[in-house]
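Worksheet: the structure to be examined is printed underneath.
Each value in this text was obtained by applying a stated rule to the coordinates, not by laboratory testing. Quick caveat: nothing in here was measured; it's all calculated off a predicted structure. Backbone-built Cβ (ideal geometry, glycine too); neighbour counts: all protein chains shown.
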Amino acid sequence: MPAITNHLPTEELQALDAAHHMHPFTANRELGDKGVRVITRANGVMLYDSEGNEVIDGMSGLWNVNIGYGREELAEVAARQMRELPYYNTFFQTTHVPAIALAAKLNELSPETMNGVFFASGGSEANDTNIRMVRTFWELKRKPNKKIFISRRNAYHGSSVGSGSLGGMAAMHAQGGLPIPGIHHIGQPNWWSEGGDKTPEQFGLDCALELEQAIRELGEDNIAAFIAEPIQGAGGVIVPPSTYWPEIQNICDAHDILFIADEVITGFGRTGNWFGSETMDIYPDIITFAKGVSSGYQPIGGSLVSEELTVLLGESEFQHGYTYSGHPVAAAVALENLRIMEEENIIGHVRDVAGPYLKQKWEALTDHPLVGEASIVGLMASIALTPNKENRAAFASDPGTVGLICRERSFANNLIMRHVGDRMVIAPPLVITTEEIDMMMERIWKTLDETESFLKTNDLLKSRA
Ligand SMILES: *Cc1c(COP(=O)(O)O)cnc(C)c1O
């Protein structure tokens, strides 16, 4: 077989991909028939494909390339670490400098109450750790009945059996026998779709009270933890009403349950602070992290845990770990990523420059006839597409039909936007400049206009009865 390189014609690469490569979250035959887009290189916020197109990556890869593409320093650090110590484990009374240094750095950057860190290779693994770690914690506290996790419908916590069960994605639960027992789901604070006649404030409060009610029904003595993303990412960048988080925090404080903030997306600057917990003023016992910690240059994630958990779990052996827990190359790259973020004040850029600038442009999208709600915190944002914003109507077509049309138009206009049902989502690299934001917004307006005329032509601009 000849070498498979960027220089092969696109059709050949597509055919090979279709023959052997099983894509995640993809109908593979359909994709094979259509022809996959081949990304060959990237720089800053731009991707380049095998046809020479320059595409704005409005999604930072999968919400993770926070620092942007093409940072030489990260490549250098990885090469240096591979030469010095490409791998060693942290299981059997050994450690190495990258793991020590990253653990210490994470302790410094994370909220005051965080203390220990348990490494994994990504968010799914970290949330699986959380399931076992939290239940073990309660066993050590001699409260072994505390096993149930309360989560939320339409949450995303990963794709493994455990983390997929913690998540609340109906389509995922429909496959492969999820969720596992011991996971209870309550509603999501999605006012646009589910708020009915309530004000956002009332709806937010009522959603939070579902937690209180679940605790009462299931029994506090049986509940291990509540887990939630400060802002749901994969669920469609759902920013809760202002009343939601304060009430959730009150409820967690009033009961003997742990609170896990899944910050895999909201961590490391996305919301304009190091952690979304700071932005939303919440106080978790555990923070799940991954994605942005290394800006995706290496796969690494983990669980940051409070002092009480760190100490108690340290009393005995926790029978858990991954071959790549604290992988030296991944840890070294994450550390360098964090160093650059601090040195270049990238969080300040999100908070004071790019965030406010995008917010102004983003909220103006509600002037477009198709756009109902526009939500944004820091550099994660969404719009709800609707045939009638007066009554927040859903489209008559199957959910996601219009979103997919809009996504395809966006792709054609050389902008990566994601659709979640009929919501459109962006989360650009945190280093995006105001000029690049202008370029991105221009493409979004064009995409929305084209989507609207397509819907008109095809009689799809209709509300569900
Ligand atoms: C992506 C994501 C995960 C899963 O992380 P992986 O690295 O894909 O395993 C978990 N939680 C949230 C909130 C995520 O966005």
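The table below gives the values:
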{"quantity": "Length released on extending from Arg132 to Leu16, taking residue separation times 0.36 nm less the Cα-Cα span", "calculated": "37.8 nm"}
{"quantity": "Dipole in debye (nearest 20) - the chain, about Cα centre, beta carbon charges: Lys, Arg +1; Asp, Glu -1", "calculated": "800"}
{"quantity": "Cut-off 12 Å between beta-carbons: net charge of the residues surrounding Ile376, Lys and Arg +1, Asp and Glu -1", "calculated": "+1"}
{"quantity": "Prolate/oblate/rounded label for the range 50-122 (Cα gyration tensor, a/c 1.5)", "calculated": "oblate"}
{"quantity": "Packing-based exposure ordering (other Cβ within 10 Å, fewest first) of Glu336, Glu263", "calculated": "Glu336, Glu263"}
{"quantity": "Entries of Lys291/Lys446; Lys361/Lys456; Lys198/Lys446; Lys143/Lys198; Lys105/Lys198; Lys361/Lys462 with Cα pairs more than 32 Å apart", "calculated": "Lys198/Lys446; Lys143/Lys198; Lys105/Lys198"}
{"quantity": "Gap separating the Cα centres of the range 83-146 and the range 176-253, nearest whole Å", "calculated": "26"}
{"quantity": "Only Lys, Arg (+1) and Asp, Glu (-1) charged, at Cβ; the range 305-392 dipole about Cα centre in debye", "calculated": "520"}
{"quantity": "Spherically averaged projected area of the range 297-452 from its Cα convex hull (nm²)", "calculated": "13.5"}
{"quantity": "Asp49, Asp256 arranged by Cβ crowding within 10 Å, fewest neighbours leading", "calculated": "Asp256, Asp49"}
{"quantity": "FRET efficiency for Trp445 and Lys198, using Cβ-Cβ distance with R0 set to 35 Å, rounded to 0.05", "calculated": "0.65"}
{"quantity": "Potential extension, Glu73-Glu54 segment - 0.36 nm per residue separation minus Cα distance", "calculated": "4.5 nm"}
{"quantity": "The range 324-409 - convex hull of the alpha-carbon atoms, volume per residue in Å³", "calculated": "163"}
{"quantity": "Cβ-Cβ FRET estimate between Ile39 and Glu435, R0 fixed at 25 Å, reported to 0.05", "calculated": "0.65"}
{"quantity": "Convex hull of Cα atoms in the range 1-142, direction-averaged projection (nm²)", "calculated": "13.6"}
{"quantity": "Formal net charge of residues neighbouring Pro299 (Cβ-Cβ distance under 12 Å; K, R +1; D, E -1)", "calculated": "0"}
{"quantity": "Rg ratio (alpha-carbon, reference 2.2 N^0.38 Å) - the chain", "calculated": "0.98"}
{"quantity": "Prolate/oblate/rounded call for the range 186-238, Cα gyration tensor, a/c under 1.5 rounded", "calculated": "oblate"}
{"quantity": "Distance in nm between pseudo-label sites at Glu343 and Val161 (7 Å out along the Cβ direction from Cα)", "calculated": "4.5"}
{"quantity": "Two-site label geometry, Glu307 and Glu217: point separation in nm, points 7 Å out along Cα→Cβ", "calculated": "3.8"}
{"quantity": "Dipole-positive endmost among Gly269, Trp63, Tyr283 within the chain (Cβ charges, Cα centre)", "calculated": "Trp63"}
{"quantity": "For the range 354-399 and the range 409-442, distance of Cα centres in Å", "calculated": "13"}
{"quantity": "Residue-span extension gain [Ala254 to Arg83] - 0.36 nm each, minus C-alpha spacing", "calculated": "56.4 nm"}
{"quantity": "Label-point gap, in nm, between Asn458 and Ala27 - each point 7 angstrom along Cα→Cβ", "calculated": "1.3"}
{"quantity": "Global form of the range 145-273, assessed from the alpha-carbon gyration tensor, a/c cut-off 1.5", "calculated": "rounded"}
{"quantity": "Ranked Asp17, Asp422, Asp33, Asp352, criterion: other C-beta atoms within 10 Å, fewest first", "calculated": "Asp33, Asp352, Asp17, Asp422"}
{"quantity": "Net charge over other residues, Cβ less than 12 angstrom from the Cβ of Arg351 (K, R count +1; D, E count -1)", "calculated": "0"}
